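These notes are about the structure you will find just below.
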Amino acid sequence: MTSREIRKQFLDYFEGRQHKIVHSAPVIPFEDPTLLFTNAGMNQFKDVFLGTGTREYKRAADTQKCIRVSGKHNDLEEVGHDTYHHTFFEMLGNWSFGDYYKAEAIEWAWELLSKVWGLPKERLFVTVYRTDDEAFELWKTKTDIKPSHILRFDEKDNFWEMGDTGPCGPCSEIHINLTDDYDDPSLVNAGTAGCIEIWNLVFIQYNRDENGTLHDLPAKHVDTGMGFERLCAVLQGKSSNYDTDIFMPLIREVEKLSGFKYGSEEEKIPMRVIADHIRTLTFAITDGAVPSNDGRGYVLRRLLRRASRYGRKLNLKEPFLHKLVHILTETMGDVFPEIIHKKEFVERVIKSEEESFNRTLDRGIELFDEIIKGLKSSGGTVIPGADIFKLYDTYGFPVDLTNVMARELGYGVDEDGFNELMNEQKTRARESSKDKFSSVNINVNDISFDGIDDLPETEFTGYDDLRTPAHILSSKKQQDTEFIILDRTPFYVEAGGQIDDTGNILIADNSLEVIDLVKVNNRIAHVIKNENGVAIEKGLEAIADVDSGRRWDIMRNHSCTHFMHAALRKVLGTHVQQAGSYVGPERLRFDFSHFGKMTAEEIKEVEIIVNEQLRRNLPKIHHRNIPFEQAKKMGALMFFGDKYGDKVNVVQFGDFTMEFCGGTHVRNSSEIGLFKILSEASISSGVRRIEATTGLGVERYIESQMHKLHEQEEKYQELLEQKKKLEKEMAELKFKQKLDIIPKILAAPDKVNDVPVYKGVVPAENQDEMKSFGNEMQSRVKSGVVLLVGVVEEKASLICIVTDDLIKSGKLSAGKLVGDAAKMLGGGGGGRPNIATAGAKDVSKIDDMLSAFNGIVSKYLN
């Protein structure tokens, strides 16, 4: 049977037993920040087992996309080296939510395996929890399994728990022995590839309390999971999951790209690693993750780099992983159509990451080879921690990759030394990161108030008020800085990217400037300027007054980060995740996960979406101090790795954005005004940074741009004037060089009846130059006739001059002479007696005309 047929038979079997066939949940569990990846079929039903959610059906079945990359379920370094471990796999599962229980689950599992699929019963073993007599008896009575093949195991293998507390229960695993000694029970749970688990039936019947005590659940559930890849290997008679039709299309494509054959172990292992990892990458990126430097993004980056590194063993040195995505869309797209829809996006992300890593890999390998060369010459067998650290810190070379490469060559690595250097670097970073009191030489960790734990926690009023009456609870002068703790304050302490408020504390007639804020044991300490030595005593009344204009600018920018985040996820994809921010009065800075530079069109689209939403006048709904589970149900945006308490704040603007946030915000979107992105750039691999502004900041930006435009216009006009001046000077200089022709014309005049006739062709480029040549000749010739000819715009241009002494004779006229000359060229013209111009089309007869001009002059003299 093909894998498609096997998957379909499983789903058809349970659909025929009134199970609802549900679609796989994404491998990125955005609604569960405790999980990196969806790692079991039950993840999407977790709320049902916890009693916080329900479904419209009591029975369900599906094939769930799963990723497991660490922990008890998987050792990444073994993936590809053995035949049955994977980072991505499908889990076939069926569930009962308070409906059927152990009897049906056991009977159906046995029927499907032994009768529908015909697995040899003599090779099947089942395990039960050591005290689960009910399951033990059901296997004996409801199936015809050999009784000696029913084995008991303890909690390690046969008791399932969701966590330290909560739903749990015994499980029953089904194993198949593929060895020649198929009746040997000692191979079960022995970790051998010859005897593997293929199906786990979990019976959720208890709830474990905080004391570890088990209590019966009012409704019992069934949760089963079967490894699809292992099942296919068994049914297709393959000794390796990788030899099934699930993986072979990928392996054949790797063969084609590399020129290597899937033959020896040396070639099989790299191909297995690549085939496994491209599946994980494709499905994870499709469902919203991207390679980055932390969380699930770092896992993907490690997998991609591990696959790239194994590609080098097949001489694949150029990006190649992205070329495998289409194989998955062809072989799995019918079951998971989302990978077809995101195909081009996934290919771009993977290719971009490959190109970046190839540069890192080349540099790192070069240094790694030098390190190994040094070890060989010195007889060393372990790569020092300092060298591992240099590879990681200077070249971005992953530590686990160094470990793999070292192991391949038979060398050890000094991980303890590396970890020590990493810790030292973190310590240096903490020490060099000057806290905000460095200007007054005070470290925030050194600030202490006597009896501070006896004081009530400061009530923050700044969500609703910017000016709050208060009482002084405590004050302290430390070095040159004074601190005041109030019972109530509207001053916001820097958190979540939003910077501190500034303003004043008014005591009687004195105004003390607040220059900084800090939290000390959940009490807000105001750092003040007290240059006049105002007496500050416990119990005094005070008014805490925030700089309202500055705070409003901050709130506009902070609220707009939420709008921009939502818009980025719409334009670029749901893989976009906030990676840091700064929210001040002048601008906002937003760091986010994304694999490549945003295009001008994408930036424009984000701006359009945000500004459209701002104009909708969306009201702010501030859900304060609500239960975390309630916030999840509302659909508030959350991310893996973020720390959430039992009570949280959620900020919502209409139907466009809803995020966990403890910051301060405008009352509605219209109060933000306009939004403008100022810049977009990379700050690290897989992380982009946008700087933007809102409201008054946009006005200032427009003013600055208009000022720059005005300056540029003035500069442009200056440049135009300079250009005209230079062009004039160049033309004059060029014309002076052209005037070299004049002395040659003057040097050899013809004589007609003793009248000098000066004639010649001049290199004029336009009529102005023709006129200038004429003026030049007119100023130099005292007595005589002048005829100059130039070719201007492919036409003949003529100018004739007759000196005054000859005009007086009444015989010669420049107008008549030039007219007759022009007629010979198919043109005409005339003018005053002393100077006249003409034009003609036929430039080919200029020489003939010049030769005949003496005759024209003679005609008029006679």
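Before moving on, here are some points about what is shown:
- Pick from region 441-465, criterion modelled with pLDDT under 65 and under 17 Å from V493 (Cβ atoms), ranking: most open to solvent (accessible area, probe 1.4 Å): N445
- Scanning region 813-833 for residues that are out of contact with any helix residue (DSSP H, G or I) (no Cβ under 8 Å at 6 or more places or on another chain), open to solvent by less than 20 Å² (accessible area, probe 1.4 Å) and of a type in the set (G, A, S) yields A814, G815, G819, A822.
- Extreme residue, surrounded by the most Cβ atoms within 10 Å (Cβ to Cβ), among residues of region 607-639 that are closer than 26 Å to A692 by Cβ and either in contact with a Cys (Cβ under 6 Å, 6 or more places away or on another chain) or at pLDDT below 90 (or both): A636
- Close pairs from region 106-130: first under 12 Å from H175 (Cβ atoms), partner modelled with pLDDT under 95 and of a type in the set (D, E), Cβ under 8 Å, at least 6 apart: T127/D157
Residues are listed down the side, and each one gets a yes or a no for (1) within 19 Å of the chain's Cα centre (by Cα); (2) modelled with pLDDT of 95 or more; (3) open to solvent by less than 50 Å² (accessible area, probe 1.4 Å):
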| position | (1), (2), (3) |
| --- | --- |
| I528 | no, no, yes |
| L540 | no, no, no |
| A544 | no, yes, yes |
| M555 | no, yes, yes |
| T561 | yes, yes, yes |
| A579 | yes, no, no |
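- The residue that is surrounded by the fewest Cβ atoms within 10 Å (Cβ to Cβ), counting only those in region 757-774 that are among the hydrophobic types (A, V, I, L, M, F, W, C) and in contact with a helix residue (DSSP H, G or I) (Cβ under 8 Å, 6 or more places away or on another chain), is V761.
- Any hit, region 469-476, residues being more than 30 Å from M638 (Cβ to Cβ), at pLDDT below 90, of a type outside the set (S, T, Y) and out of contact with any strand residue (DSSP E or B) (no Cβ under 9 Å at 6 or more places or on another chain): no
- In region 761-790, of all residues being of a type in the set (D, E, K, R) and part of a loop (DSSP other than H, G, I, E, B), the one that is nearest to A840 (Cα to Cα) corresponds to E765.
- In the set (1) in a helix (DSSP H, G or I); (2) surrounded by fewer than 19 Cβ atoms within 10 Å (Cβ to Cβ), the condition left unmet by D387 is number (2).
- Some residue of region 801-812 being farther than 20 Å from Y860 by Cβ and either open to solvent by 90 Å² or more (accessible area, probe 1.4 Å) or not in a strand (DSSP E or B) (or both): no
- Residues (without any contact (Cβ under 8 Å) to a residue 40 or more places away in the chain and under 14 Å from K476 (Cβ atoms)) located in region 518-534: none
- Only one of the listed residues (E253, E265, E229) is closer than 23 Å to F357 by Cα and either modelled with pLDDT of 95 or more or open to solvent by 40 Å² or more (accessible area, probe 1.4 Å) (or both). That residue is E253.
- Restricting region 291-327 to residues that are assigned to a helix (DSSP H, G or I) and free of Cβ contacts under 8 Å to residues at least 40 places away in the same chain, the residue that is farthest from G573 (Cα to Cα): A307
- Answer residue from region 185-223, given it is out of contact with any helix residue (DSSP H, G or I) (no Cβ under 6 Å at 6 or more places or on another chain), among the acidic types (D, E) and touching a residue at least 24 places away in the same chain (Cβ under 8 Å) and is most open to solvent (accessible area, probe 1.4 Å) among those: E210
- Selection status of S240, surrounded by fewer than 22 Cβ atoms within 10 Å (Cβ to Cβ), polar (S, T, N, Q) and touching a residue at least 40 places away in the same chain (Cβ under 8 Å): yes
- Contact annotation: residue pairs with Cβ atoms under 6 Å, 6 or more positions apart or on different chains, pairing a residue in region 563-582 that is outside any helix (DSSP H, G or I) with a partner that is aromatic (F, W, Y), are V576/F592; Q577/F639; Q578/F592; A579/F592; S581/F590.
- For E691, the conditions (1) assigned to a strand (DSSP E or B); (2) among the acidic types (D, E); (3) out of contact with any Ser or Thr (no Cβ under 7 Å at 6 or more places or on another chain) are fulfilled apart from (3).
- Scanning region 79-113 for residues that are more than 30 Å from the chain's Cα centre (by Cα), closer than 27 Å to R296 by Cβ and modelled with pLDDT under 95 yields a total of 5.
- Scanning region 779-800 for residues that are within 21 Å of D754 (Cβ to Cβ) and open to solvent by 10 Å² or more (accessible area, probe 1.4 Å) yields R780, V781, K782, S783.
- Residue in region 82-139 that is nearest to D243 (Cα to Cα), counting only those that are outside any helix (DSSP H, G or I), open to solvent by less than 10 Å² (accessible area, probe 1.4 Å) and of a type in the set (V, I, T): T87
- Here region 154-176 is the region considered, the condition is being open to solvent by 20 Å² or more (accessible area, probe 1.4 Å) and charged (D, E, K, R), and the residue that is farthest from the chain's Cα centre (by Cα) is D154.
- Residues of region 303-341 that turn out to be over 18 Å from E353 (Cβ atoms) and among the small types (G, A, S), as a count: 1
- Condition check for I741: open to solvent by less than 90 Å² (accessible area, probe 1.4 Å), farther than 22 Å from M564 by Cβ and modelled with pLDDT of 90 or more: yes
- Criterion (surrounded by fewer than 21 Cβ atoms within 10 Å (Cβ to Cβ), modelled with pLDDT of 90 or more and charged (D, E, K, R)) met by exactly one of D294, D334: D334
- Verdict on E77 being open to solvent by 20 Å² or more (accessible area, probe 1.4 Å) and either part of a helix (DSSP H, G or I) or among the hydroxyl-bearing types (S, T, Y) (or both): yes
The values are calculated or read from the model by the stated rules, or taken from the named source; none is laboratory data. Remember, it's a predicted structure, so these values are computed and weren't measured experimentally. Every residue, glycine among them, receives a Cβ derived from its backbone with ideal geometry; neighbour counts consider all protein chains shown. Please note that ligands, DNA and RNA were not included when accessible areas were found on the heavy atoms of the full protein model with its side chains. Shrake-Rupley method; radii C 1.70, N 1.55, O 1.52, S 1.80 Å.
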